[in-house]
Amino acid sequence: PGHKSDTMFAVRSVRHAAPIASLLRQRTMAQSAAMVHTEAHMKEIGITLPDYQDAVWSYVKAQRDGDKFYIGDHVGQDENAVTVRGKVGEEGMVGAEVSPEEAELLARNAGLRLLSTLSHYLDGDLDRVDQVVKVVGIVNGTPDFRGHGKVINGCSDVLVEVLGDRGRHARTCTGSGSLPAAVTCEMVVRVKD
């Protein structure tokens with residue numbers, strides 16, 4: 001009698017195990033499908049990150065504190081990785097050397113460079129980004145320029161294009177009387193291990 005009940009128990013266990021195994025497989029496949037593959041997504045939408053540029057003075061490009069990376073300012077550069085300098089302003093504004101549209105593209109480039117630096121510090125795995133927490137954008141504007149937010153949209157928009165909702169962030173945009181570039185951006189990012 002003990003042997004028969006052991007066999008019955010084993011048969012019932014196998015019957016129950018099959019649906020459980022199937023559910024576990026389905027859950028694993030769903031989780032796998034829900035995983036973010038940032039680099040593949042960038043390829044699909046035609047975005048290539050610029051090469052990582054190391055710091056040139058006695059600082060680092062990013063500093064980790066717990067689960068946050070603080071990434072220092074990245075200036076807007078042209079397609080040849082040359083920093084674009086000058087005052088941002090509307091046509092006809094005294095001292096304007098860079099149009100708001102050009103500055104917005106420079107902010108986008110700064111955002112791509114921020115992502116390149118982050119990717120470098122995360123060993124090429126942007127899937128580890130949990131959330132971009134904050135972006136600070138500074139525009140070297142003419143005294144009467146007021147379009148700082150539109151300029152920094154270039155950076156904000158590319159972060160969302162690449163990271164989706166993980167790229168949405170709080171933001172500060174400000175103008176500056178002088179800068180070594182037309183536009184500069186920095187960000188704070190929460191990461192997961």
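The values are calculated or read from the model by the stated rules, or taken from the named source; none is laboratory data. Every value quoted in this text rests on a predicted model; they were computed, and no experiment measured them. Every residue, glycine among them, receives a Cβ derived from its backbone with ideal geometry; neighbour counts consider all protein chains shown. In case anyone asks, the SASA skips ligands and DNA or RNA and just uses the protein heavy atoms, side chains included. Shrake-Rupley method; radii C 1.70, N 1.55, O 1.52, S 1.80 Å.
Structural remarks
- Across segment 129-143, coupling constants 3J(HN,Hα) worked out from phi with the 6.51/-1.76/1.60 Karplus curve, θ = phi - 60°, read 6, 8, 6, 6, 8, 8, 10, 10, x, 10, 10, 7, x, 5, x Hz, and Gly and Pro carry x.
- In order along segment 65-81, the Karplus-derived 3J(HN,Hα) couplings, from 6.51 cos²θ - 1.76 cosθ + 1.60 at θ = phi - 60°, round to 9, x, 9, 10, 10, 9, 9, x, 4, 10, 7, x, 10, 7, 5, 9, 6 Hz, and Gly and Pro are given as x.
- When you restrict to C-alpha pairs under 8 Å that are six or more residues apart and normalise by the size of segment 62-130, the relative contact order lands at 28 percent.
- Linear extension gain, Asp123 paired with Met93, 0.36 nm per residue minus alpha-carbon span: 6.4 nm
- The chymotrypsin sites (Phe, Trp or Tyr not before Pro) of segment 36-95 that meet both conditions, a loop assignment by DSSP and at most 14 other Cβ atoms within 10 Å of the site Cβ, are Tyr52, Trp57, Tyr59.
- Dipole check for segment 51-193: with +1 at the C-beta of Lys and Arg, -1 at the C-beta of Asp and Glu, and the Cα centre as origin, the magnitude is about 480 Debye.
- Rounded to the nearest whole angstrom, the semi-axes of the ellipsoid equivalent to segment 63-193, taken from the Cα gyration tensor as √(5λ), stand at 27, 13, 12, largest first.
- Solvent-accessible surface ranking, highest first, for Glu39, Glu102, Glu97 at 1.4 angstrom: Glu97, Glu102, Glu39
- Charge sum, other residues only, whose C-beta stays under 14 Å from Val94's C-beta, Lys/Arg counted +1 and Asp/Glu -1: -3
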